[in-house]
Structures are given as C-alpha cells and as structure tokens.
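In what follows, a single structure is set out as structure tokens and then discussed.
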Amino acid sequence: MIRFVVIGHRATTSGDFKLDDITGGAGRLDVLIRCINSSFFLSHDIRRDVELYLVLQGPPFAPKTIRLVGSELRYLNPDERSTAALIRNALMQKVESEINSTPGIYVSNRSYRDVLSLLSKEGKLIYLNEDGDDIVEFDFPDDPVFVLSDDRDLTEEEEEMLLKYEPDAISLGPISYHADHCITIVNNMLDRTYRLH
C-alpha cells in the first residue's frame, strides 16, 4: 500500500462552507482537493493501491482527518466542486471514532500526531523535503508513507514530531512544487519502479 499524508494548516473542520468558496472560506481546502485528484486519478481509472490522509487543522473543530481509500472509492470525480461536496459531507458527520461517510471516505478526530503514530506501524515514513536525497536515486521501501504539507511548510513542532520516527527524506527536484504536483511526481516515480515489482 502507498500512503500520503497531507497537512491542511487552515483547512476547515466544519461542513458549513460554500462549494463556491473552497479557496477562501474553507481555508485553502482547494489545495487538498487537488491532492486528492493527484493521488487517485489516472486517465480512465483510479489508483487502487493508494490511501490518502488529509489532516485538517483549521477552525472550528480541529483536528479532523479525512482518509480516502482507493480500493473502496465510489462517486469520486475529477472536478473540484464534487470532491469538495464529498469532503463537506464527511465533515458534517458526528464523529467519536472513525466513521465511513461515503464509500472509500472516512472521517475521524485523529490529530497529526495520531496519524504519524498509526502509520509508522504500517510502513516507512518518508518526508518530502527539498533538502532530502534525490528521488531519482531513492530505493523505495515496502509500504511507503509520504508526508508533506499544503501551501505552507511544516511548523517546527510538526517537523520535530515527524523526525522522531527517523523518516527517510527525499527531494523531488531543485525547485519548489505545489503539494499536488509533488504527489504526481511521486506517483510517476512509483509507476516506473515500485509498482513494476
């Protein structure tokens, strides 16, 4: 299984947002919606071997984690508005433990710390960092877990939490990319190497 963890520092944790305002009123939820598209969509299919964890840290009910499971996803379409509607539906659920809001989409009150702790038992954490080793020369482990941020860098505290797990650090190239582009690049490299095994 290939997993991605994306932190949404301002992403709303309430379903009370307008689908026409996912950029502003929803706390740059648009960045995370694009990460969903990059994680799962192929030309005429969905990647079944991917799980995506979106850790939402914006008001008013932070934290919330939305987990998307490629092998279970239904009703997911490439347009941002319909995907935002699925996320809004998840955020409208009353949550005590993780629950399924629509096929392949789960919502919980897990924090970033909780997600790292959980996934460190499932695979090897990999920090996407401009100062890391070049991805071209990286030997992907079994069950990689890629950790990245939205349009903001990890905070010092978030980075410290991650580094406790001694992640590998890899760089995707000499310049900065958008979070969704990072996922596309990683998926392409995995297609060329990891998924061929």
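Where a number appears in this text, it was derived from the coordinates with a stated rule and is not lab data. Keep in mind the model is a prediction, meaning the values are calculated, not measured. When we count neighbours, we look across all protein chains shown, and the Cβ atoms used for this are built from the backbone with ideal geometry, even at glycine.
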Mean residue ellipticity at 222 nm from the helices of the chain, using -39,500 (n - 2.57) per DSSP H segment of n ≥ 4 over the full residue count, to the nearest 500 deg cm²/dmol? -8500 deg cm²/dmol
For segment 50-133, evaluate the Debye formula with one uniform point scatterer on each Cα (no solvent term) and list log10 I(q)/I(0) at q = 0.12, 0.21, 0.23 Å⁻¹, rounded to two decimals. -0.40, -1.06, -1.19
Would you mind checking which residues have amide H under 5 Å from Gly132's amide H? H placed 1.01 Å from N; only 5 or more apart, or other chain. Ser171
Keeping to pairs on different chains or 8 or more places apart, tell me how many lysine pairs in the chain have Cα atoms under 24 Å apart. 8
Pseudo-spin-label distance Ser111 to Leu42, built 7 Å along Cα→Cβ, given in nm, is 3.9 nm
I'd like to know which of Ser176, Leu154, Ile135 lies farthest towards the positive end of the charge dipole of segment 125-196, counting +1 on Cβ of Lys and Arg and -1 on Cβ of Asp and Glu. Ile135
Beta bridges by DSSP in segment 100-197, antiparallel share as percent, to the nearest 5: 20 percent
Here, Asp21 and Asp142, labelled 7 Å along Cα→Cβ, have an inter-label distance in nm of 4.9 nm
If I model a spin label at Asp79 and Asp151 as a point 7 Å from the Cα along the Cα→Cβ vector, what separation in nanometres do I get? 2.3 nm
Segment 68-129: trypsin sites (Lys or Arg not before Pro) falling in loop per DSSP and having at most 10 other Cβ within 10 Å: Arg74, Lys94, Lys121
Largest first and rounded to whole Å, the semi-axes √(5λ) derived from the alpha carbon gyration tensor of segment 2-112 read 20, 15, 12
Quick calc of log₁₀ I(q)/I(0), segment 108-197, Debye, one scatterer on every Cα, no solvent, q values 0.11, 0.17, 0.26 1/Å, result -0.30, -0.74, -1.55
Among the GluC sites (Glu not before Pro) within segment 93-122, which fall in a DSSP loop and have no more than 10 other Cβ atoms within 10 Å of their own Cβ? Glu96
Of all beta bridges DSSP finds with both residues in segment 2-112, what is the antiparallel percent, to the nearest 5? 65 percent
Of all GluC sites (Glu not before Pro) in segment 51-93, which ones are in loop regions per DSSP and have a Cβ with at most 15 other Cβ atoms within 10 Å? Glu72
